[in-house]
1. Shielding by partners for A:178-184, please: the mean number of other protein chain Cβ atoms within 10 Å of each residue's Cβ.
2. Compare the Cα positions of A:155, B:125, B:146 along the charge dipole of the protein assembly as shown (+1 at Cβ of Lys, Arg; -1 at Cβ of Asp, Glu; about the Cα centre) and return the one farthest towards the positive end.
3. Excluding residue B:195 itself, what net charge comes from residues whose Cβ is under 14 Å from its Cβ, given Lys and Arg +1 and Asp and Glu -1?
4. Can you give the helix-only mean residue ellipticity at 222 nm for chain A, where every DSSP H stretch with n ≥ 4 adds -39500 (n - 2.57) and the sum goes over all residues, rounded to the nearest 500 deg cm²/dmol?
5. For peptide A:251-259, compute the average count of partner chain beta-carbon atoms within 10 Å of each residue's beta-carbon.
6. Under 20 Å from the Cα of residue A:74, which lysines turn up, not counting those fewer than eight places away in the same chain?
7. Could you put A:138, B:158 in order, starting from the residue whose Cβ has the fewest other Cβ atoms within 10 Å?
8. Can you give the net charge of the other residues whose Cβ lies under 13 Å from the Cβ of residue B:162, counting K and R as +1 and D and E as -1?
Amino acid sequence: MITKRNTFLAATTLLLFGCSDAGQGDATFTTWGEAYIEQQIGPDPKGESGFIDGWTVKFEKFLVTFRNLKVASKDGEVGATSAASFLVDNVLPGRKTLIAFKSLNAQAWNAVGFQVAPATADTMLVGMTPVAERDMMVANGYSIYVQGRAFKTDAAGLKVEKTFRWGFKTATQYSACKQAPESGREIEGIVVTNGGNDISELTTHGDHFFYDRLQASADPAVITALRFDAMAKADANADGEITLEELSATPIDVRNYDPSPFEVANLGGFVTALTRTLGHFRGEGECQVAPL
Amino acid sequence: MKRTLSLWLFGLFLVNACGGDTTGQRVALHTRVVMAPESVAGFTALSGWKIRLARAWVATGPLYYFDGAPSVVFDRGKENRRFRIMDWVLPSAHAHPGHYAPGVTNGQMLDEFSIDLLAPETRLPEGNAVTGMLRSGTFSFSPPIGGPLVAALGNQSVIVQGVAEKELVQVHFAVSVDFAAIARRARDGLVSGCKFEPTTIHGPGTVTVTVNPRSWFNLVDFAEVAPGSAESPTVIAAETTPYIAFTLGLVQIGAYRFTFTPDTPQ
């Protein structure tokens, strides 16, 4: 039902734009959270595919609000836009369709972008995302909300578990999205073919919340690792839940965390800054990012 | 490496300088460095320590000015995360969104120099530019090679001394950082993606680099530094936590801001 409504909106928008001798095709945008969000992020002592400090994180909710999808070209031609916003819980399995733009001119559209911004009352629910989640997002002004638990077995053999419920109000513009070469070849934006349906995934990366640096190290030998020990220790009242307030009261441990080149002094600011890195294009593809 | 970068940037510079429209005409730039006025009399860092500096010497390297927007978010770097859980499905592991895209190099000052940040201002060697837009800049450190403080700096790129106060604790400190330590935090000592107050250059003028040392100290907790005295400040030893925090602070883009003032009103 939502898809039909989205399609209607897209078709309405497309009436503004003309046809092409090369024919027409469709462009569909989906979203997915990959296995890290659907299943869990496990430990990896080498720090290459999981937490370097032994933790496992399992998300229970991973709510993201997308809006203002735009298909255009660098010379200013707009193929399709949608001002609608969509709330999705990417813990729910599989790729979820956000919108299908119908009958675009068949050509390369090399300026594709979207926003992650706070939900509003008219935000549409994608897939099985419950209405109550939208109400919660709107009431708090959230664009992103994650809930989950982290657990590890400590040195004494005891299982330690922490929970978290973090909401963020950051609004971010992602533009000039590119498919990564590793996904076949680097493509700026999308290519709509005559009679075809180009499908683009707006991928969300859940592991980014736990990065230990905001920018790659100058030393290629220093990897960006996933860490949770410092967050676990931030649970000042030891009630088992790590709040954003507790993270914000915890200074960055410069031996493990590097905020360069940005002025972030505590873990709350660090995690909030990382929310601007969640959005990707077709897996590992990247976009230019700017705060809204 | 820095030479290689300079040549590459200069190549871009020449390409841009050959444009035939109203942009791309070569102009001379004066360059000056000042401390942020709000920090001259002392400042309170994010760490809560109030700091007054008694010495702030810096060996500077080339400066570059670009038409791209300043850095706002992050660059994981393709070589630094070698594997994601989905790599076997979607071969991946590469760059992050939002990394700094400098765009076209429209100006530069290529000489190494050394500055006393507590001086009212320091004039650097002449730079040059092509007419066009500037929105971001690269500040850089260098080994002590040029300028009046080469001998005083010895083999250090930064020497800072001062007093930090928090509640009833007072710490007299001194810290020195060599170029290698900085380069471990910022490749080739380059702090890229700094804000250049947006401007379009139409003719010669002066680039002012405003350095705010507050950013250098935002992560430094002096609680574990011995009090010292004005005559004998505590030297913050290399690789201690305060030292690491200070070196991280040196490469924060918020510490360096660029502005342009035309010689004649535009």
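1. On the way: counts 2, 0, 7, 4, 7, 4, 2.
Rounded to a whole number, the mean comes out at 4.
2. The residue sitting farthest along the positive end of the dipole is B:125.
3. Numbers: positive: B:135, B:257; negative: A:263, B:67, B:197.
Overall, the nearby charge balance is -1.
4. Computed ellipticity for chain A at 222 nm equals -4000 deg cm²/dmol.
5. Values: counts 7, 5, 4, 12, 5, 0, 2, 5, 5.
Taking the mean over all residues of the peptide, I get 5.
6. A:178
7. Working: A:138 17, B:158 23.
Ranked by crowding around the Cβ, least crowded first: A:138, B:158.
8. Numbers: positive: B:50, B:52, B:55, B:214; negative: B:165.
Within the 13 Å Cβ shell, the charges total +3.
Read the figures in this text as sums done on the coordinates, not as results from a lab. None of the values given here were measured: they were computed from a predicted structure. Please note: Cβ atoms are built from the backbone with ideal geometry, for glycine as well, and neighbour counts cover all protein chains shown.
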